[in-house]
Amino acid sequence: MTVWDRPEPPTRPVPLDRERIVAAAVALADEGGLEAVSLRKVAARLNAGPMRLYGYISTKEELFDLMVDEVQAEILPEGQPADWREALGTLAHRTRRTALRHEWLADLLGGRPSLGPNGLAVTEATLAALDGLADVDTVMRAVETVSAYVTGAIRREIAALRAERATGLSDREWQRAHGPHVTRMLATGRFPALAKAVHDGTDVDAETTFTTGLEWVLDAVSTRLVRPPV
């Protein structure tokens, strides 16, 4: 029986339910990452005994599942765009913005499918955007391709943000600090393609990079969307 199907115990003596537990866990994770979340710390925030939480949640993994489902409500748009590219693009950008608000989400994306009500609704919205545009196997591969790009891009962006906080250096400051070493290495002539990229490439912000890559992935997906025969 999943955590969503299991009934909750009585709330006495301290009022308690999964909604309050998950809200406390999300707040802890927003403040300090997943390492800041434990059943003991969640219980302390709720002024409840740690053992009481086991009546609602059996493991920390179940708690993580509930946390992911909770914030996936922020991914769902209010309506379903008629155009499949707009629909998938909207979901991708909302996923990115949600992960930037809750950076810990990046650590839990890309695993097994989320089976909570919000996770299933996100999956339904994604599949519905492509429904009827190709056979079901092609649709599934298309969804997996877009998801792989979105997850990878989000993890890369958040890893950069974490590195910036850990070092106290922005990307530009980090590049300047390592500039002399890179210049010496490029001067050897061993890395001509890299040298061209460094000297001639254009720096763009993270959102532009994400949007451009997403458009290229959707372009590739569009070449595979052939309506199945009736």
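When the stretch 40-56 is examined, which residues are found to be in a helix (DSSP H, G or I) and closer than 15 Å to Ala25 by Cβ? First the steps, then the outcome.
Initial filter on the stretch 40-56 (in a helix (DSSP H, G or I)): 40-45, 50-53.
Hits for the stretch 40-56 are Arg40, Lys41, Val42, Ala43, Ala44, Arg45, Pro50, Arg52, Leu53.
Table: residues versus (1) touching a residue at least 12 places away in the same chain (Cβ under 8 Å); (2) over 22 Å from Ala87 (Cβ atoms); (3) touching a strand residue (DSSP E or B) at 6+ places or on another chain (Cβ under 8 Å).
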position: Asp131; (1), (2), (3): no, no, no
position: Glu144; (1), (2), (3): no, no, no
position: Tyr149; (1), (2), (3): yes, no, no
position: Leu161; (1), (2), (3): yes, yes, no
position: Glu164; (1), (2), (3): no, yes, no
position: Thr167; (1), (2), (3): no, yes, no
position: Trp174; (1), (2), (3): no, yes, no
position: Val204; (1), (2), (3): no, yes, no
position: Thr208; (1), (2), (3): no, no, no
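When Pro192 is evaluated against the numbered criteria (1) modelled with pLDDT under 85; (2) farther than 29 Å from Leu133 by Cβ, which criterion, by number, is the only one it fails?
Going through the list (1) modelled with pLDDT under 85; (2) farther than 29 Å from Leu133 by Cβ, Pro192 breaks only (1).
Between Gly49, Gly32, Gly55, Gly111, which is surrounded by fewer than 13 Cβ atoms within 10 Å (Cβ to Cβ) and either acidic (Asp, Glu) or not assigned by TED's automatic domain parsing to the domain that holds Arg162 (or both)?
Working: Gly49 fails: surrounded by fewer than 13 Cβ atoms within 10 Å (Cβ to Cβ); Gly55 fails: surrounded by fewer than 13 Cβ atoms within 10 Å (Cβ to Cβ); Gly111 fails: either acidic (Asp, Glu) or not assigned by TED's automatic domain parsing to the domain that holds Arg162 (or both).
Gly32 is the lone residue from the list that is surrounded by fewer than 13 Cβ atoms within 10 Å (Cβ to Cβ) and either acidic (Asp, Glu) or not assigned by TED's automatic domain parsing to the domain that holds Arg162 (or both).
For Lys60, are the conditions met, namely being of a type in the set (D, E, K, R) and either more than 27 Å from Ala153 (Cα to Cα) or modelled with pLDDT of 95 or more (or both)?
Against the criterion (of a type in the set (D, E, K, R) and either more than 27 Å from Ala153 (Cα to Cα) or modelled with pLDDT of 95 or more (or both)), Lys60 does not qualify.
For residues in the stretch 171-199 being exposed (fewer than 11 other Cβ atoms within 10 Å of the Cβ) and outside any helix (DSSP H, G or I), which is nearest to the chain's Cα centre (by Cα)?
Arg190
Conditions tested, residue by residue: (1) of a type in the set (Val, Ile, Thr); (2) within 23 Å of Glu215 (Cβ to Cβ).
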| site | (1), (2) |
| --- | --- |
| Ser58 | no, no |
| Gln72 | no, no |
| Ile75 | yes, yes |
| Thr98 | yes, yes |
| Asp107 | no, no |
| Ser114 | no, no |
| Val136 | yes, no |
| Ile158 | yes, yes |
| Arg162 | no, no |
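Is it true that some residue in the stretch 59-66 is of a type outside the set (A, V, I, L, M, F, W, C), exposed (fewer than 12 other Cβ atoms within 10 Å of the Cβ) and either outside the structural domain of Ser114 (by TED's automatic domain parsing) or farther than 30 Å from Leu225 by Cα (or both)? Quick ask: steps written out before the conclusion?
Within the stretch 59-66, the subset of a type outside the set (A, V, I, L, M, F, W, C) is 59-62, 65.
Filter once more, so that each one left must be exposed (fewer than 12 other Cβ atoms within 10 Å of the Cβ): 59, 61.
Then keep just the ones that are either outside the structural domain of Ser114 (by TED's automatic domain parsing) or farther than 30 Å from Leu225 by Cα (or both); that gives 59, 61.
Yes, because at least one residue in the stretch 59-66 is of a type outside the set (A, V, I, L, M, F, W, C), exposed (fewer than 12 other Cβ atoms within 10 Å of the Cβ) and either outside the structural domain of Ser114 (by TED's automatic domain parsing) or farther than 30 Å from Leu225 by Cα (or both).
Identify the single condition in (1) at pLDDT below 95; (2) buried (at least 18 other Cβ atoms within 10 Å of the Cβ) that Ala82 does not satisfy, given that it satisfies every other one.
(2)
Quickly run through the stretch 11-69 and pick out the residues that are acidic (Asp, Glu) and touching a residue at least 40 places away in the same chain (Cβ under 8 Å). It would help to see each step written out before you state the result.
Here is the first cut: in the stretch 11-69, the ones acidic (Asp, Glu) are 17, 19, 30-31, 35, 61-62, 65, 69.
Within the stretch 11-69, Asp30, Glu62, Asp65, Asp69 meet the criteria.
The values are calculated or read from the model by the stated rules, or taken from the named source; none is laboratory data. Only a predicted model underlies this, so the values are computations on that prediction, with no experimental measurement involved. Using ideal geometry, Cβ is built from the backbone for each residue, glycine included, and neighbour counts are taken over all protein chains shown.
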